[in-house]
Amino acid sequence: MASVALTTTALPSLRLRRNTTATLKPNRHASISLKPNLHASISSFPNFSLKKPHLISTRKPSALTVRASAASITPAPAPVQPWQGAAIKPLIASIATGVILWFSPVPAGVNRNAWQLLAIFLGTIVGIITQPLPLGAVAILGLGVSVLTKTLPFAAAFSGFGDPIPWLIALAFFFAKGFIKTGLGNRVAYQFVKLFGSSSLGLGYSLVFSEALLAPAIPSVSARAGGIFLPLVKALCVACGSNAGDGTEHRLGAWLMLTCFQTSVITSAMFLTAMAANPLCATLTQNSINQTIGWLDWAKAAIVPGLASLVLVPLILYVIYPPTLKSSPDAPKLAKEKLEKMGPMTTNEKIMTATLFLTVGLWVFGGLLNIDAVSAAILGLSVLLVTGVVTWKECLAEGVAWDTLTWFAALIAMAGYLNKYGLISWFSQTVVKFVGGLGLSWQLSFGILVLLYFYSHYFFASGAAHIGAMFTAFLSVATALGTPPFFGAIVLSFLSNLMGGLTHYGIGSAPVFFGANYVPLAKWWGYGFLISIVNIIIWLGLGGVWWKFIGLW
(Lines give C-alpha, C1' and ligand atoms only; values in the text may rest on other atoms or scores of the structure.)
Protein backbone atom coordinates (compact mmCIF):
# COMPACT_ATOMS: atom_id res chain seq x y z
CA MET A 1 0.00 0.00 0.00
CA ALA A 2 1.10 3.60 -0.61
CA SER A 3 2.26 5.78 2.25
CA VAL A 4 -0.16 8.59 3.14
CA ALA A 5 0.71 11.69 5.14
CA LEU A 6 -2.06 13.82 6.67
CA THR A 7 -1.85 16.96 8.78
CA THR A 8 -4.31 17.34 11.58
CA THR A 9 -4.64 21.01 10.94
CA ALA A 10 -5.89 20.34 7.46
CA LEU A 11 -8.76 18.24 8.83
CA PRO A 12 -10.05 20.15 11.83
CA SER A 13 -13.14 18.03 12.15
CA LEU A 14 -11.06 14.85 12.68
CA ARG A 15 -9.64 13.82 16.03
CA LEU A 16 -6.69 11.53 15.41
CA ARG A 17 -4.37 10.07 17.97
CA ARG A 18 -0.71 9.91 17.35
CA ASN A 19 0.51 6.72 15.70
CA THR A 20 -2.99 5.60 14.75
CA THR A 21 -3.40 4.14 11.34
CA ALA A 22 -6.01 4.68 8.71
CA THR A 23 -6.73 4.00 5.06
CA LEU A 24 -8.32 6.21 2.45
CA LYS A 25 -11.43 4.50 1.19
CA PRO A 26 -13.73 6.07 -1.37
CA ASN A 27 -17.42 5.94 -0.78
CA ARG A 28 -19.73 4.48 -3.43
CA HIS A 29 -19.79 7.78 -5.33
CA ALA A 30 -16.05 8.13 -5.90
CA SER A 31 -12.91 6.15 -6.60
CA ILE A 32 -9.20 6.87 -6.20
CA SER A 33 -6.22 5.67 -8.11
CA LEU A 34 -2.76 6.39 -6.66
CA LYS A 35 -0.28 6.94 -9.47
CA PRO A 36 3.45 7.60 -9.53
CA ASN A 37 4.80 10.93 -8.43
CA LEU A 38 1.26 12.12 -7.82
CA HIS A 39 0.90 15.10 -5.48
CA ALA A 40 -2.72 15.93 -4.91
CA SER A 41 -4.51 17.97 -2.30
CA ILE A 42 -6.99 15.93 -0.35
CA SER A 43 -9.55 18.61 -1.06
CA SER A 44 -9.72 16.98 -4.46
CA PHE A 45 -11.22 13.90 -2.78
CA PRO A 46 -13.99 15.25 -0.54
CA ASN A 47 -15.88 12.00 -0.12
CA PHE A 48 -13.19 9.79 1.47
CA SER A 49 -13.26 8.23 4.94
CA LEU A 50 -10.33 7.22 7.12
CA LYS A 51 -9.88 3.70 8.40
CA LYS A 52 -7.01 1.54 9.68
CA PRO A 53 -4.35 0.31 8.99
CA HIS A 54 -1.97 2.91 7.52
CA LEU A 55 0.18 5.23 9.45
CA ILE A 56 -0.98 8.81 9.91
CA SER A 57 1.77 11.32 10.60
CA THR A 58 1.33 14.52 12.59
CA ARG A 59 4.09 16.34 10.73
CA LYS A 60 3.08 19.84 9.69
CA PRO A 61 3.65 20.30 6.00
CA SER A 62 2.33 23.44 4.39
CA ALA A 63 -0.56 21.56 2.86
CA LEU A 64 -2.23 18.21 3.20
CA THR A 65 -0.86 15.93 0.46
CA VAL A 66 -1.24 12.41 -0.81
CA ARG A 67 1.94 10.81 -2.09
CA ALA A 68 2.31 7.62 -4.04
CA SER A 69 4.93 5.96 -6.14
CA ALA A 70 4.39 3.57 -8.98
CA ALA A 71 5.17 3.29 -12.65
CA SER A 72 5.16 6.53 -14.65
CA ILE A 73 2.06 7.61 -16.61
CA THR A 74 2.45 7.85 -20.40
CA PRO A 75 0.34 10.76 -21.67
CA ALA A 76 -2.11 9.95 -24.49
CA PRO A 77 -0.95 11.23 -27.88
CA ALA A 78 -2.74 14.32 -29.18
CA PRO A 79 -5.34 13.53 -31.86
CA VAL A 80 -4.16 14.13 -35.39
CA GLN A 81 -6.00 17.05 -36.94
CA PRO A 82 -7.43 16.28 -40.40
CA TRP A 83 -6.11 18.27 -43.36
CA GLN A 84 -8.35 21.26 -43.90
CA GLY A 85 -6.59 22.79 -46.86
CA ALA A 86 -7.10 22.26 -50.57
CA ALA A 87 -7.67 18.83 -52.10
CA ILE A 88 -4.22 18.15 -53.51
CA LYS A 89 -4.97 16.26 -56.75
CA PRO A 90 -7.63 18.72 -58.01
CA LEU A 91 -5.33 21.60 -57.05
CA ILE A 92 -2.46 20.09 -59.04
CA ALA A 93 -4.78 19.55 -62.02
CA SER A 94 -5.88 23.18 -61.90
CA ILE A 95 -2.35 24.56 -61.58
CA ALA A 96 -0.98 22.21 -64.25
CA THR A 97 -3.63 23.34 -66.73
CA GLY A 98 -2.69 26.96 -66.27
CA VAL A 99 1.10 26.35 -66.29
CA ILE A 100 1.04 24.19 -69.44
CA LEU A 101 -1.01 26.75 -71.33
CA TRP A 102 1.04 29.66 -69.95
CA PHE A 103 4.26 28.24 -71.41
CA SER A 104 2.72 26.97 -74.66
CA PRO A 105 3.56 28.85 -77.88
CA VAL A 106 1.28 31.82 -78.42
CA PRO A 107 -0.74 31.39 -81.65
CA ALA A 108 -0.40 33.96 -84.40
CA GLY A 109 -2.90 36.77 -83.98
CA VAL A 110 -3.02 36.52 -80.15
CA ASN A 111 -1.06 38.85 -77.89
CA ARG A 112 0.90 37.46 -74.97
CA ASN A 113 -1.25 39.13 -72.31
CA ALA A 114 -4.44 37.59 -73.71
CA TRP A 115 -2.81 34.15 -73.82
CA GLN A 116 -1.65 34.41 -70.20
CA LEU A 117 -5.13 35.47 -69.09
CA LEU A 118 -6.56 32.47 -70.96
CA ALA A 119 -4.16 30.21 -69.04
CA ILE A 120 -5.31 31.67 -65.72
CA PHE A 121 -8.97 31.55 -66.79
CA LEU A 122 -8.87 27.88 -67.87
CA GLY A 123 -6.92 26.94 -64.75
CA THR A 124 -9.68 28.61 -62.71
CA ILE A 125 -12.36 26.78 -64.71
CA VAL A 126 -10.65 23.43 -64.03
CA GLY A 127 -10.60 24.39 -60.34
CA ILE A 128 -14.30 25.21 -60.44
CA ILE A 129 -14.98 21.81 -62.03
CA THR A 130 -12.76 19.73 -59.72
CA GLN A 131 -13.23 21.96 -56.64
CA PRO A 132 -9.99 21.67 -54.65
CA LEU A 133 -11.50 24.52 -52.60
CA PRO A 134 -14.97 26.12 -52.48
CA LEU A 135 -15.81 27.94 -55.70
CA GLY A 136 -15.34 31.41 -54.23
CA ALA A 137 -11.90 30.50 -52.94
CA VAL A 138 -10.88 29.10 -56.35
CA ALA A 139 -12.04 32.32 -58.00
CA ILE A 140 -10.08 34.48 -55.54
CA LEU A 141 -6.95 32.41 -56.27
CA GLY A 142 -7.49 33.00 -59.98
CA LEU A 143 -7.86 36.74 -59.48
CA GLY A 144 -4.83 36.76 -57.22
CA VAL A 145 -2.66 35.07 -59.85
CA SER A 146 -3.85 37.51 -62.53
CA VAL A 147 -2.85 40.45 -60.32
CA LEU A 148 0.48 38.97 -59.11
CA THR A 149 1.57 38.21 -62.67
CA LYS A 150 0.52 41.68 -63.85
CA THR A 151 -1.81 40.03 -66.37
CA LEU A 152 -4.60 42.26 -65.06
CA PRO A 153 -4.34 45.39 -62.94
CA PHE A 154 -6.15 45.17 -59.61
CA ALA A 155 -9.05 47.38 -60.72
CA ALA A 156 -9.61 45.23 -63.80
CA ALA A 157 -9.36 41.91 -61.93
CA PHE A 158 -11.95 42.96 -59.36
CA SER A 159 -14.14 44.96 -61.74
CA GLY A 160 -16.74 42.19 -61.71
CA PHE A 161 -17.71 43.13 -58.16
CA GLY A 162 -19.04 46.40 -59.55
CA ASP A 163 -21.29 44.57 -62.00
CA PRO A 164 -24.97 44.52 -60.94
CA ILE A 165 -25.64 40.93 -62.02
CA PRO A 166 -23.66 39.11 -59.28
CA TRP A 167 -25.37 41.33 -56.73
CA LEU A 168 -28.77 40.51 -58.22
CA ILE A 169 -28.24 36.82 -57.67
CA ALA A 170 -26.89 37.36 -54.13
CA LEU A 171 -29.90 39.51 -53.26
CA ALA A 172 -32.19 36.84 -54.65
CA PHE A 173 -30.58 34.26 -52.34
CA PHE A 174 -31.36 36.51 -49.36
CA PHE A 175 -34.90 36.88 -50.65
CA ALA A 176 -35.21 33.10 -50.94
CA LYS A 177 -34.10 32.74 -47.32
CA GLY A 178 -37.28 34.46 -46.18
CA PHE A 179 -39.36 32.36 -48.55
CA ILE A 180 -38.11 29.12 -47.03
CA LYS A 181 -37.85 30.40 -43.45
CA THR A 182 -41.49 31.51 -43.26
CA GLY A 183 -42.76 28.18 -44.64
CA LEU A 184 -44.57 29.91 -47.50
CA GLY A 185 -42.89 27.62 -50.05
CA ASN A 186 -44.16 24.51 -48.29
CA ARG A 187 -47.64 26.01 -47.98
CA VAL A 188 -47.83 26.66 -51.72
CA ALA A 189 -46.66 23.12 -52.55
CA TYR A 190 -49.08 21.48 -50.12
CA GLN A 191 -51.97 23.49 -51.54
CA PHE A 192 -51.22 22.17 -55.02
CA VAL A 193 -50.96 18.59 -53.75
CA LYS A 194 -54.21 18.94 -51.82
CA LEU A 195 -56.06 20.12 -54.94
CA PHE A 196 -54.51 17.94 -57.65
CA GLY A 197 -52.72 15.05 -55.98
CA SER A 198 -55.39 12.32 -55.91
CA SER A 199 -53.78 10.48 -58.85
CA SER A 200 -50.09 9.81 -59.36
CA LEU A 201 -50.01 11.86 -62.55
CA GLY A 202 -51.94 14.67 -60.87
CA LEU A 203 -49.56 14.51 -57.92
CA GLY A 204 -46.60 14.87 -60.26
CA TYR A 205 -48.13 17.86 -62.04
CA SER A 206 -49.03 19.52 -58.76
CA LEU A 207 -45.38 19.37 -57.68
CA VAL A 208 -44.11 20.45 -61.10
CA PHE A 209 -46.26 23.57 -61.35
CA SER A 210 -45.84 24.57 -57.72
CA GLU A 211 -42.08 24.44 -58.29
CA ALA A 212 -42.51 26.54 -61.45
CA LEU A 213 -44.47 29.09 -59.43
CA LEU A 214 -41.65 29.39 -56.90
CA ALA A 215 -38.81 29.37 -59.43
CA PRO A 216 -38.71 33.13 -60.18
CA ALA A 217 -38.28 33.95 -56.49
CA ILE A 218 -35.74 31.25 -55.55
CA PRO A 219 -32.62 31.54 -57.71
CA SER A 220 -30.96 28.36 -56.49
CA VAL A 221 -32.33 25.19 -58.06
CA SER A 222 -30.52 23.17 -55.39
CA ALA A 223 -32.24 25.26 -52.67
CA ARG A 224 -35.64 24.69 -54.24
CA ALA A 225 -34.96 20.99 -54.65
CA GLY A 226 -33.27 20.33 -51.32
CA GLY A 227 -34.94 22.92 -49.13
CA ILE A 228 -38.54 22.56 -50.23
CA PHE A 229 -39.36 19.80 -52.68
CA LEU A 230 -37.20 16.79 -51.83
CA PRO A 231 -38.49 16.57 -48.23
CA LEU A 232 -42.03 16.97 -49.54
CA VAL A 233 -41.59 14.35 -52.29
CA LYS A 234 -40.04 11.89 -49.85
CA ALA A 235 -42.92 12.32 -47.42
CA LEU A 236 -45.46 11.74 -50.19
CA CYS A 237 -43.66 8.63 -51.43
CA VAL A 238 -43.52 7.12 -47.94
CA ALA A 239 -47.20 7.95 -47.39
CA CYS A 240 -48.00 6.03 -50.57
CA GLY A 241 -45.90 3.02 -49.57
CA SER A 242 -42.91 3.68 -51.85
CA ASN A 243 -39.55 3.48 -50.08
CA ALA A 244 -35.96 3.42 -51.30
CA GLY A 245 -34.14 0.11 -50.90
CA ASP A 246 -37.05 -2.22 -50.12
CA GLY A 247 -38.28 -3.05 -53.63
CA THR A 248 -41.15 -0.54 -53.62
CA GLU A 249 -39.27 2.22 -55.48
CA HIS A 250 -41.31 1.77 -58.66
CA ARG A 251 -44.59 2.05 -56.79
CA LEU A 252 -44.33 5.84 -57.01
CA GLY A 253 -40.96 7.21 -55.93
CA ALA A 254 -38.80 6.40 -58.98
CA TRP A 255 -41.11 8.15 -61.44
CA LEU A 256 -41.79 11.06 -59.11
CA MET A 257 -38.11 11.71 -58.31
CA LEU A 258 -37.10 11.58 -61.97
CA THR A 259 -40.04 13.78 -62.99
CA CYS A 260 -39.31 16.43 -60.36
CA PHE A 261 -35.65 16.48 -61.35
CA GLN A 262 -36.17 16.72 -65.10
CA THR A 263 -38.73 19.50 -64.71
CA SER A 264 -36.45 21.41 -62.32
CA VAL A 265 -34.06 22.06 -65.22
CA ILE A 266 -37.01 23.31 -67.28
CA THR A 267 -38.23 25.76 -64.65
CA SER A 268 -34.62 26.93 -64.22
CA ALA A 269 -34.57 27.76 -67.94
CA MET A 270 -37.80 29.75 -67.80
CA PHE A 271 -36.71 32.73 -65.67
CA LEU A 272 -33.59 34.86 -65.38
CA THR A 273 -33.74 34.53 -61.58
CA ALA A 274 -34.55 30.80 -61.46
CA MET A 275 -30.97 29.51 -61.57
CA ALA A 276 -27.80 31.00 -60.13
CA ALA A 277 -25.83 30.98 -63.39
CA ASN A 278 -28.54 32.56 -65.58
CA PRO A 279 -27.41 36.13 -64.84
CA LEU A 280 -23.92 35.09 -65.92
CA CYS A 281 -25.35 34.32 -69.38
CA ALA A 282 -26.95 37.78 -69.42
CA THR A 283 -23.68 39.47 -68.45
CA LEU A 284 -21.60 37.57 -71.00
CA THR A 285 -24.18 38.47 -73.64
CA GLN A 286 -23.82 42.14 -72.74
CA ASN A 287 -20.04 41.89 -72.91
CA SER A 288 -20.04 39.97 -76.22
CA ILE A 289 -22.73 41.60 -78.37
CA ASN A 290 -23.60 44.69 -76.31
CA GLN A 291 -27.24 43.65 -75.93
CA THR A 292 -29.13 43.19 -72.67
CA ILE A 293 -31.31 40.21 -71.78
CA GLY A 294 -33.85 41.66 -69.34
CA TRP A 295 -35.98 39.66 -66.92
CA LEU A 296 -39.09 40.13 -69.04
CA ASP A 297 -37.19 39.39 -72.29
CA TRP A 298 -36.09 36.06 -70.85
CA ALA A 299 -39.50 35.10 -69.46
CA LYS A 300 -41.38 36.06 -72.64
CA ALA A 301 -39.08 33.99 -74.84
CA ALA A 302 -39.17 30.96 -72.52
CA ILE A 303 -42.83 30.84 -71.54
CA VAL A 304 -44.21 28.89 -74.52
CA PRO A 305 -41.55 26.17 -74.88
CA GLY A 306 -41.22 26.04 -71.10
CA LEU A 307 -44.90 25.34 -70.46
CA ALA A 308 -44.93 22.78 -73.28
CA SER A 309 -41.99 20.94 -71.69
CA LEU A 310 -43.59 21.07 -68.24
CA VAL A 311 -46.71 19.41 -69.65
CA LEU A 312 -45.06 16.83 -71.92
CA VAL A 313 -42.03 15.64 -69.94
CA PRO A 314 -43.97 14.25 -66.93
CA LEU A 315 -46.43 12.58 -69.33
CA ILE A 316 -43.64 11.01 -71.41
CA LEU A 317 -41.91 9.70 -68.29
CA TYR A 318 -45.27 8.40 -67.05
CA VAL A 319 -45.52 6.31 -70.24
CA ILE A 320 -41.93 5.04 -70.51
CA TYR A 321 -41.11 4.78 -66.79
CA PRO A 322 -44.54 4.42 -65.18
CA PRO A 323 -45.28 4.11 -61.47
CA THR A 324 -47.18 0.97 -60.51
CA LEU A 325 -49.41 3.07 -58.24
CA LYS A 326 -51.83 5.00 -60.44
CA SER A 327 -53.85 6.71 -57.70
CA SER A 328 -52.54 8.42 -54.60
CA PRO A 329 -55.45 9.13 -52.25
CA ASP A 330 -53.06 9.43 -49.30
CA ALA A 331 -51.22 12.37 -50.84
CA PRO A 332 -54.04 14.94 -50.58
CA LYS A 333 -54.80 13.61 -47.12
CA LEU A 334 -51.19 14.11 -46.04
CA ALA A 335 -51.11 17.59 -47.59
CA LYS A 336 -54.32 18.52 -45.79
CA GLU A 337 -52.91 17.30 -42.48
CA LYS A 338 -49.73 19.31 -43.02
CA LEU A 339 -51.71 22.45 -43.85
CA GLU A 340 -53.88 22.00 -40.76
CA LYS A 341 -50.76 21.61 -38.68
CA MET A 342 -49.32 24.79 -40.18
CA GLY A 343 -52.51 26.68 -39.33
CA PRO A 344 -53.50 29.99 -40.90
CA MET A 345 -50.92 32.14 -42.64
CA THR A 346 -48.63 33.89 -40.21
CA THR A 347 -47.88 37.60 -40.36
CA ASN A 348 -44.45 36.85 -41.79
CA GLU A 349 -45.95 34.68 -44.53
CA LYS A 350 -48.31 37.49 -45.48
CA ILE A 351 -45.43 39.97 -45.61
CA MET A 352 -43.43 37.49 -47.68
CA THR A 353 -46.34 37.06 -50.12
CA ALA A 354 -46.80 40.80 -50.54
CA THR A 355 -43.05 41.29 -51.03
CA LEU A 356 -43.00 38.49 -53.60
CA PHE A 357 -45.72 40.15 -55.67
CA LEU A 358 -44.01 43.52 -55.33
CA THR A 359 -40.60 42.27 -56.43
CA VAL A 360 -41.73 40.02 -59.28
CA GLY A 361 -44.11 42.75 -60.41
CA LEU A 362 -41.20 45.19 -60.64
CA TRP A 363 -39.13 42.59 -62.48
CA VAL A 364 -41.91 42.30 -65.05
CA PHE A 365 -43.05 45.93 -65.31
CA GLY A 366 -40.05 47.78 -63.89
CA GLY A 367 -39.01 48.96 -67.33
CA LEU A 368 -42.08 51.17 -67.49
CA LEU A 369 -41.06 52.78 -64.18
CA ASN A 370 -37.35 52.90 -65.01
CA ILE A 371 -36.60 50.44 -62.18
CA ASP A 372 -34.04 47.76 -63.03
CA ALA A 373 -33.98 44.21 -61.67
CA VAL A 374 -31.28 44.87 -59.06
CA SER A 375 -33.15 47.88 -57.65
CA ALA A 376 -36.33 45.78 -57.42
CA ALA A 377 -34.45 43.05 -55.54
CA ILE A 378 -32.94 45.61 -53.15
CA LEU A 379 -36.40 47.02 -52.47
CA GLY A 380 -37.83 43.57 -51.78
CA LEU A 381 -34.99 42.64 -49.44
CA SER A 382 -35.31 45.99 -47.67
CA VAL A 383 -38.94 45.22 -46.88
CA LEU A 384 -37.96 41.84 -45.45
CA LEU A 385 -35.15 43.34 -43.34
CA VAL A 386 -37.26 46.20 -41.97
CA THR A 387 -40.11 43.86 -41.03
CA GLY A 388 -37.78 41.27 -39.53
CA VAL A 389 -38.86 38.47 -41.85
CA VAL A 390 -35.17 38.14 -42.66
CA THR A 391 -32.41 39.50 -40.43
CA TRP A 392 -29.07 40.85 -41.60
CA LYS A 393 -27.35 38.22 -39.48
CA GLU A 394 -29.13 35.55 -41.50
CA CYS A 395 -28.03 37.26 -44.71
CA LEU A 396 -24.43 37.23 -43.51
CA ALA A 397 -24.79 33.53 -42.72
CA GLU A 398 -25.89 32.74 -46.29
CA GLY A 399 -22.51 31.42 -47.33
CA VAL A 400 -23.74 30.18 -50.71
CA ALA A 401 -24.86 33.70 -51.65
CA TRP A 402 -21.47 35.26 -50.87
CA ASP A 403 -19.63 32.37 -52.49
CA THR A 404 -21.74 32.77 -55.63
CA LEU A 405 -21.18 36.52 -55.67
CA THR A 406 -17.41 35.96 -55.52
CA TRP A 407 -17.00 33.42 -58.30
CA PHE A 408 -19.57 35.18 -60.49
CA ALA A 409 -17.65 38.42 -60.24
CA ALA A 410 -14.33 36.68 -60.94
CA LEU A 411 -15.60 34.87 -64.05
CA ILE A 412 -17.27 38.02 -65.34
CA ALA A 413 -14.05 40.02 -64.97
CA MET A 414 -11.80 37.43 -66.62
CA ALA A 415 -14.23 36.61 -69.43
CA GLY A 416 -14.78 40.32 -70.08
CA TYR A 417 -11.07 41.02 -70.42
CA LEU A 418 -10.54 37.97 -72.61
CA ASN A 419 -12.99 39.64 -74.96
CA LYS A 420 -11.30 43.06 -74.59
CA TYR A 421 -7.87 41.55 -75.25
CA GLY A 422 -9.18 40.11 -78.53
CA LEU A 423 -8.90 36.40 -77.74
CA ILE A 424 -12.60 35.65 -78.28
CA SER A 425 -12.68 37.35 -81.66
CA TRP A 426 -9.56 35.37 -82.68
CA PHE A 427 -11.20 32.10 -81.61
CA SER A 428 -14.46 32.85 -83.40
CA GLN A 429 -12.64 33.79 -86.60
CA THR A 430 -10.67 30.54 -86.48
CA VAL A 431 -13.81 28.41 -86.04
CA VAL A 432 -15.74 30.43 -88.62
CA LYS A 433 -13.09 29.67 -91.23
CA PHE A 434 -13.55 25.96 -90.57
CA VAL A 435 -17.35 25.80 -90.26
CA GLY A 436 -17.90 28.43 -92.92
CA GLY A 437 -15.95 26.29 -95.34
CA LEU A 438 -18.67 23.65 -95.08
CA GLY A 439 -21.07 25.92 -96.97
CA LEU A 440 -23.97 25.46 -94.54
CA SER A 441 -26.73 27.94 -93.79
CA TRP A 442 -26.55 29.80 -90.50
CA GLN A 443 -29.45 27.67 -89.20
CA LEU A 444 -27.57 24.40 -89.77
CA SER A 445 -24.30 25.84 -88.53
CA PHE A 446 -26.03 27.07 -85.39
CA GLY A 447 -27.65 23.66 -84.95
CA ILE A 448 -24.20 22.01 -84.97
CA LEU A 449 -22.89 24.51 -82.45
CA VAL A 450 -25.93 23.99 -80.23
CA LEU A 451 -25.46 20.22 -80.12
CA LEU A 452 -21.75 20.57 -79.37
CA TYR A 453 -22.47 23.06 -76.60
CA PHE A 454 -25.29 20.96 -75.13
CA TYR A 455 -23.69 17.51 -75.03
CA SER A 456 -20.28 18.71 -73.95
CA HIS A 457 -21.98 19.16 -70.58
CA TYR A 458 -21.20 15.51 -69.84
CA PHE A 459 -17.71 16.82 -68.99
CA PHE A 460 -18.93 19.50 -66.57
CA ALA A 461 -20.17 19.22 -63.00
CA SER A 462 -21.23 22.87 -62.91
CA GLY A 463 -23.44 24.91 -65.18
CA ALA A 464 -21.49 28.02 -64.26
CA ALA A 465 -18.18 26.41 -65.22
CA HIS A 466 -19.62 25.33 -68.57
CA ILE A 467 -21.04 28.78 -69.24
CA GLY A 468 -17.84 30.51 -68.21
CA ALA A 469 -15.69 28.27 -70.39
CA MET A 470 -17.78 28.09 -73.57
CA PHE A 471 -20.70 30.55 -73.72
CA THR A 472 -18.85 33.60 -75.04
CA ALA A 473 -16.85 31.64 -77.60
CA PHE A 474 -19.87 29.78 -78.99
CA LEU A 475 -21.95 32.96 -79.12
CA SER A 476 -19.18 34.76 -80.99
CA VAL A 477 -18.86 31.92 -83.51
CA ALA A 478 -22.62 31.71 -84.01
CA THR A 479 -22.84 35.46 -84.58
CA ALA A 480 -19.96 35.39 -87.05
CA LEU A 481 -21.71 32.60 -89.00
CA GLY A 482 -24.82 34.74 -89.45
CA THR A 483 -26.97 33.79 -86.45
CA PRO A 484 -28.94 36.79 -85.13
CA PRO A 485 -26.88 37.74 -82.04
CA PHE A 486 -29.71 38.13 -79.52
CA PHE A 487 -31.40 34.95 -80.76
CA GLY A 488 -28.15 32.99 -80.41
CA ALA A 489 -27.55 34.36 -76.92
CA ILE A 490 -30.98 33.53 -75.57
CA VAL A 491 -31.01 30.01 -77.06
CA LEU A 492 -27.61 29.23 -75.53
CA SER A 493 -28.89 30.63 -72.22
CA PHE A 494 -31.88 28.29 -72.21
CA LEU A 495 -29.74 25.29 -73.17
CA SER A 496 -27.33 26.13 -70.34
CA ASN A 497 -30.09 24.96 -67.99
CA LEU A 498 -31.66 22.15 -69.99
CA MET A 499 -28.33 20.36 -70.43
CA GLY A 500 -28.23 19.87 -66.64
CA GLY A 501 -30.72 17.01 -67.00
CA LEU A 502 -28.16 14.74 -68.69
CA THR A 503 -26.39 13.41 -65.61
CA HIS A 504 -26.61 13.04 -61.84
CA TYR A 505 -24.07 15.84 -61.31
CA GLY A 506 -24.76 18.42 -64.02
CA ILE A 507 -26.99 20.87 -62.11
CA GLY A 508 -27.68 21.65 -58.45
CA SER A 509 -30.89 19.62 -58.24
CA ALA A 510 -29.30 16.46 -59.73
CA PRO A 511 -27.39 15.13 -56.68
CA VAL A 512 -30.31 16.10 -54.45
CA PHE A 513 -32.90 13.95 -56.22
CA PHE A 514 -30.51 11.20 -57.32
CA GLY A 515 -29.27 10.89 -53.74
CA ALA A 516 -32.73 9.76 -52.66
CA ASN A 517 -31.74 6.37 -54.21
CA TYR A 518 -34.99 5.67 -56.02
CA VAL A 519 -33.51 5.55 -59.55
CA PRO A 520 -30.44 3.48 -60.57
CA LEU A 521 -27.58 5.39 -62.20
CA ALA A 522 -27.92 3.68 -65.60
CA LYS A 523 -31.60 4.58 -65.83
CA TRP A 524 -30.89 8.12 -64.61
CA TRP A 525 -28.43 8.67 -67.46
CA GLY A 526 -30.54 6.81 -70.01
CA TYR A 527 -33.72 8.74 -69.36
CA GLY A 528 -31.67 11.92 -69.02
CA PHE A 529 -30.41 11.49 -72.60
CA LEU A 530 -33.91 10.66 -73.87
CA ILE A 531 -35.50 13.69 -72.21
CA SER A 532 -32.68 15.88 -73.54
CA ILE A 533 -33.80 14.97 -77.07
CA VAL A 534 -37.41 15.78 -76.15
CA ASN A 535 -36.39 19.16 -74.73
CA ILE A 536 -34.24 20.06 -77.75
CA ILE A 537 -37.14 19.25 -80.10
CA ILE A 538 -39.59 21.29 -78.02
CA TRP A 539 -37.34 24.30 -77.44
CA LEU A 540 -35.81 24.51 -80.91
CA GLY A 541 -38.97 23.36 -82.73
CA LEU A 542 -41.95 24.93 -80.98
CA GLY A 543 -39.67 27.49 -79.39
CA GLY A 544 -38.22 28.42 -82.77
CA VAL A 545 -41.73 29.14 -84.11
CA TRP A 546 -42.54 31.22 -81.02
CA TRP A 547 -39.28 33.15 -81.25
CA LYS A 548 -40.01 33.88 -84.92
CA PHE A 549 -43.46 35.13 -83.93
CA ILE A 550 -42.06 37.55 -81.31
CA GLY A 551 -39.33 38.71 -83.69
CA LEU A 552 -36.15 37.22 -82.26
CA TRP A 553 -35.06 36.03 -85.71
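Some values worked out for this structure:
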read-out	value
Residue under evaluation Gly361, criteria (1) surrounded by 15 or more Cβ atoms within 10 Å (Cβ to Cβ); (2) within 28 Å of Ala172 (Cα to Cα); (3) out of contact with any Phe, Trp or Tyr (no Cβ under 7 Å at 6 or more places or on another chain), criterion not met	(1)
Residue satisfying condition, being open to solvent by less than 40 Å² (accessible area, probe 1.4 Å), at pLDDT 90 or above, within 23 Å of Leu284 (Cα to Cα) and of a type in the set (Ser, Thr, Tyr), within set Ser462, Ser493	Ser493
Test: residue in region 389-401 that is touching a Gly at 6+ places or on another chain (Cβ under 7 Å) and part of a helix (DSSP H, G or I)	no
Test result for Thr472, at pLDDT below 95, in a helix (DSSP H, G or I) and among the β-branched types (Val, Ile, Thr)	yes
Count - residues of region 63-109 that are open to solvent by less than 90 Å² (accessible area, probe 1.4 Å), among the polar types (S, T, N, Q), modelled with pLDDT under 90 and within 31 Å of the chain's Cα centre (by Cα)	0
Region 258-311 - residue that is part of a loop (DSSP other than H, G, I, E, B) and polar (S, T, N, Q) and, of those, surrounded by the fewest Cβ atoms within 10 Å (Cβ to Cβ)	Asn290
Subset of region 143-166 that is free of Cβ contacts under 8 Å to residues at least 24 places away in the same chain and closer than 23 Å to Ile88 by Cβ - its residue that is least open to solvent (accessible area, probe 1.4 Å)	Gly144
Criterion (of a type in the set (Val, Ile, Thr) and open to solvent by 50 Å² or more (accessible area, probe 1.4 Å)) met by exactly one of Ile169, Ile140, Ile125	Ile140
Residue among Leu452, Leu444 that is open to solvent by 60 Å² or more (accessible area, probe 1.4 Å), at pLDDT 85 or above and within 21 Å of Val545 (Cβ to Cβ)	Leu444
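Condition check ((1) more than 30 Å from Phe365 (Cβ to Cβ); (2) acidic (Asp, Glu); (3) touching a His at 6+ places or on another chain (Cβ under 8 Å); (4) open to solvent by less than 50 Å² (accessible area, probe 1.4 Å)) across all residues:
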{"position": "Val400", "(1), (2), (3), (4)": "no, no, no, no"}
{"position": "Phe408", "(1), (2), (3), (4)": "no, no, no, yes"}
{"position": "Ile412", "(1), (2), (3), (4)": "no, no, no, yes"}
{"position": "Val431", "(1), (2), (3), (4)": "yes, no, no, yes"}
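The values are calculated or read from the model by the stated rules, or taken from the named source; none is laboratory data. Because the structure is a prediction, the values reported are computed rather than measured. With ideal geometry, Cβ positions are generated from the backbone for all residues, glycine too; neighbour counts draw on all protein chains shown. Each accessible area value is taken on the protein alone, full model and side chains, heavy atoms only, with ligands, DNA and RNA left out. Shrake-Rupley method; radii C 1.70, N 1.55, O 1.52, S 1.80 Å.
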